[in-house]
Amino acid sequence: MPRPERSGKVVGQLGTKAYAYFDASHTVAGDEFCSGDHGHTFRATAHVSGLAEFDMSGILRVQGAENLHQELARISLELDGRNLNAMMLGAQTTPESIASWILERIPSADWVEVEMGWRHQTGRAERDKKR
């Protein structure tokens, strides 16, 4: 049932995150552990911040985050089971470069972080705050 006393009420600036996992292989030239073709389980985290307001159902929504979960899920499905070197031609497939690649495909995200496998290496890409 709608909650008109809250509907449209702006709460303030909030952030929300989406998480997705994918398994992929890659090679990182010159890296002691990743120089041969091998695979990892990756965890990607995408973040959006924006004005938060209650919708007609009384659910708190962050502007710009409407499709964040779906976009990250779509990208993780695109990467799952693939060789990252073949998908990201010319790029070193480090957590930082994978995060940048994902960030380019989610225009609403403020930043993306990628954690890679058992070594828990993490890389982050942030959007220019002037946008």
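Any read-out appearing in this document is the output of simple, stated calculations on the displayed coordinates, not a laboratory observation. The model shown is predicted, which means the values in this text are computed figures rather than measured ones.
Computed quantities for the displayed model
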{"read-out": "Relative contact order of segment 62-131, defined on C-alpha pairs under 8 angstrom at six or more residues apart (%)", "value": "27 percent"}
{"read-out": "Normalised contact order of the chain, rounded percent, pairs of Cα under 8 Å and 6 or more residues apart", "value": "27 percent"}
{"read-out": "Read-out volume of the Cα convex hull per residue in Å³, derived from the coordinates shown; its label in (1) 163; (2) 113; (3) 149", "value": "(2)"}
